[in-house]
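Student: Can you read through this structure? Questions will come right after.
The values are calculated or read from the model by the stated rules, or taken from the named source; none is laboratory data. The model shown is predicted, which means the values in this text are computed figures rather than measured ones. Glycine gets a Cβ as well: all are built from the backbone with ideal geometry, and neighbour counts include every protein chain shown.
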Amino acid sequence: MRQLFLILMILLLTSVIYMSCSANQKPGNITGSTSKSAETFSPFVSPPPMTSENVTVEQAKALITKNKDNPNFVILDVRTPDEFKSGHLADAINIDFYGADFKTYLDQLDKNKTYLVYCRTGVRSTNSVNIMLSMKFTRLYNMTGGITAWTGAKLPVVN
């Protein structure tokens with residue numbers, strides 16, 4: 001009986017200490033903070049938010065223009081190599097959605113960069129964006145309608 005009482009007291013004391021520490025902890029934002037006081041410093045850094053957005057070809061073109069010299073902006077074509085050779089967006093890299101090593105190649109990419117993803121009509125790019133979100137990529141744009149909509153809007157491709 002005495003052992004049971006002692007165990008319950010230890011559990012109660014541990015709970016009180018834990019709740020006391022949690023109640024006194026105030027969230028802080030390390031980024032841009034110059035103060036190291038206990039009130040503003042947090043040892044936990046939140047990961048960047050993961051976002052994805054469907055964009056039209058016109059919006060995609062504006063993104064490409066805006067990020068022309070941005071090394072953190074990547075245009076990702078997820079069609080087959082033969083489709084890619086037949087015409088693709090300038091500066092795009094090709095990773096075949098149907099390739100056995102698709103996820104392996106994705107995993108080698110920098111997850112903190114911004115990616116504009118497209119395919120032929122938008123199905124593979126939508127699936128690719130969902131896979132990339134599950135792999136913790138942070139900023140993704142899916143070009144709806146794919147290269148078919150792009151060329152239908154008379155926008156340029158390269159071979």
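Student: Can you tell me which condition ASN159 does not meet? The list is (1) surrounded by 14 or more Cβ atoms within 10 Å (Cβ to Cβ); (2) outside the structural domain of ILE95 (by TED's automatic domain parsing), and all the others hold.
Tutor: If we test ASN159 against (1) surrounded by 14 or more Cβ atoms within 10 Å (Cβ to Cβ); (2) outside the structural domain of ILE95 (by TED's automatic domain parsing), just (1) comes out false.
Student: For the range 95-114, does any single residue satisfy the condition of being in contact (Cβ under 8 Å) with a residue 24 or more places away in the chain, part of a strand (DSSP E or B) and under 12 Å from the mean Cα position of the chain (by Cα)?
Tutor: Taking every residue of the range 95-114 in turn, at least one turns out to be in contact (Cβ under 8 Å) with a residue 24 or more places away in the chain, part of a strand (DSSP E or B) and under 12 Å from the mean Cα position of the chain (by Cα).
Student: So if I check each of GLY145, GLY152, which one is of a type outside the set (Phe, Trp, Tyr), closer than 14 Å to THR56 by Cβ and crowded, with 16+ Cβ neighbours inside 10 Å?
Tutor: GLY145
Student: If SER52 satisfies every condition in (1) crowded, with 17+ Cβ neighbours inside 10 Å; (2) closer than 13 Å to VAL117 by Cβ; (3) out of contact with any Pro (no Cβ under 9 Å at 6 or more places or on another chain); (4) modelled with pLDDT of 95 or more but one, which is the exception?
Tutor: (4)
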